[in-house]
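Taking it in order: structure first as structure tokens, then the write-up.
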Amino acid sequence: MAEVKQSEASCQEHGRKIPNHVAIILDGNGRWAKSKGMPRNYGHVQGAKNVETILSAAHDMGIRYVTMYAFSTENWNRPKEEVDALLSLLHSYMKTCLRTARKNNMRCRVIGDITRLDQPTQYRIHELVEASKEYTGLNFTIAINYGGRDEITRAVRRIAEDHVKPERIDEQLISSYLDTGSLPDPDLLIRTSGEQRLSNYLLWQLAYTEFYFTEVPWPAFTREELEKAVDFYNQRERRFGGV
């Protein structure tokens, strides 16, 4: 059987297992806003504000890696007005995230094909990644213009460009060419707002991840909701394909 790339061992907190790496699909911003009689962009703004709350909670709980799905390769198909608002919000969030990183010793990474983004946003991303690369606290990864199939396609192209011999290609090598090459695979995936699908997110990396789906929309997802997700994770027996 092929060797499975696994995350580092989960931490222990008073007898409870804490997932080392949590991946989150931030879903439900627009529907949450609509339920309050507000425009969709209001939900995206409040969702962005909630990121820092959950990152702080994750750090306090002992979670070492958090990866969040901010903008997918498919999000370009949304109405132009909403796409423009999302990209503007992402640009301004990079500055906010830089302040948070400096304050909390948080290392930030960005995965996805950022070449489609405007130059000012690309600059903000490079600034954030470079400024936080030596920080040793929580590892926060943001997926921007990211899609799992696109990521694998880009990895295969790079392998071909490097003229890698077929006999050298194995799971470990493919993983090293992915955007997440330096990261452990997620232990727990959380998707908010009731949808139960991956939506092209971390398709390779989630092979043996535990999935937690909640009806709570992302802007309303609290520290207590994160605790519920970790409690669910503790009920799972992880076998990584074994008996």
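Hey, does the stretch 220-229 have a residue that's closer than 21 Å to L55 by Cβ and in contact with a Lys or Arg (Cβ under 9 Å, 6 or more places away or on another chain)? Step through it out loud before you land on a result.
If we filter the stretch 220-229 for residues that are closer than 21 Å to L55 by Cβ, which is where we start, we get 220-229.
When the remaining residues are screened for being in contact with a Lys or Arg (Cβ under 9 Å, 6 or more places away or on another chain), the result is none.
Within the stretch 220-229 (the criterion being closer than 21 Å to L55 by Cβ and in contact with a Lys or Arg (Cβ under 9 Å, 6 or more places away or on another chain)), the answer is no, since none of the residues qualifies.
Residues in the stretch 102-143 that are under 21 Å from N75 (Cα atoms) and among the small types (G, A, S): G112, A143. Of all positions in the stretch 112-122, none carries a residue that is among the β-branched types (V, I, T) and under 24 Å from R64 (Cα atoms). If the condition is being aromatic (F, W, Y) and not in a strand (DSSP E or B), then the stretch 206-215 contributes only Y208.
Results for (1) of a type in the set (V, I, T); (2) modelled with pLDDT under 95; (3) surrounded by fewer than 18 Cβ atoms within 10 Å (Cβ to Cβ); (4) not in a helix (DSSP H, G or I), shown as yes or no for each residue.
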position	(1), (2), (3), (4)
M38	no, no, yes, yes
V51	yes, no, no, no
L55	no, no, no, no
I63	yes, no, no, yes
V66	yes, no, no, yes
W76	no, no, yes, no
E82	no, yes, yes, no
S92	no, yes, yes, no
C97	no, no, no, no
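Every condition in (1) surrounded by 17 or more Cβ atoms within 10 Å (Cβ to Cβ); (2) closer than 20 Å to L203 by Cβ; (3) not aliphatic (A, V, I, L, M) holds for D113 except the one numbered (1). Quick check on the stretch 216-231. Is at least one of its residues within 18 Å of S72 (Cβ to Cβ) and assigned to a loop (DSSP other than H, G, I, E, B)? Yes, that holds for at least one residue. Per the conditions (1) modelled with pLDDT of 95 or more; (2) assigned to a loop (DSSP other than H, G, I, E, B), the sole criterion not satisfied by V243 is (1).
With respect to P184, is the statement that it is in contact with a His (Cβ under 7 Å, 6 or more places away or on another chain) and farther than 30 Å from S88 by Cβ true? So P184 passes the test.
Among the residues that make up the stretch 156-167, is at least one of them hydrophobic (A, V, I, L, M, F, W, C) and within 16 Å of the chain's Cα centre (by Cα)? Lay out the reasoning, then the answer.
Step one: list which residues in the stretch 156-167 are hydrophobic (A, V, I, L, M, F, W, C), which gives 156, 159-160, 164.
Subsequent filtering for residues that are within 16 Å of the chain's Cα centre (by Cα) retains none.
No, there is no match, as no residue in the stretch 156-167 is hydrophobic (A, V, I, L, M, F, W, C) and within 16 Å of the chain's Cα centre (by Cα).
The residues of the stretch 132-180 that are of a type in the set (G, A, S), free of Cβ contacts under 8 Å to residues at least 60 places away in the same chain, more than 19 Å from R64 (Cα to Cα) and surrounded by 12 or more Cβ atoms within 10 Å (Cβ to Cβ), listed by number, are G148, A155, S176.
Just so you know, in the stretch 190-239 the residues that are farther than 13 Å from A23 by Cβ and acidic (D, E) include one that is surrounded by the fewest Cβ atoms within 10 Å (Cβ to Cβ), and it is E237.
The values are calculated or read from the model by the stated rules, or taken from the named source; none is laboratory data. If you're wondering where the values come from, they're calculated on a predicted model, not measured in any experiment. FYI the Cβ positions are ideal-geometry reconstructions off the backbone, even for glycines, and counts take in every protein chain you see.
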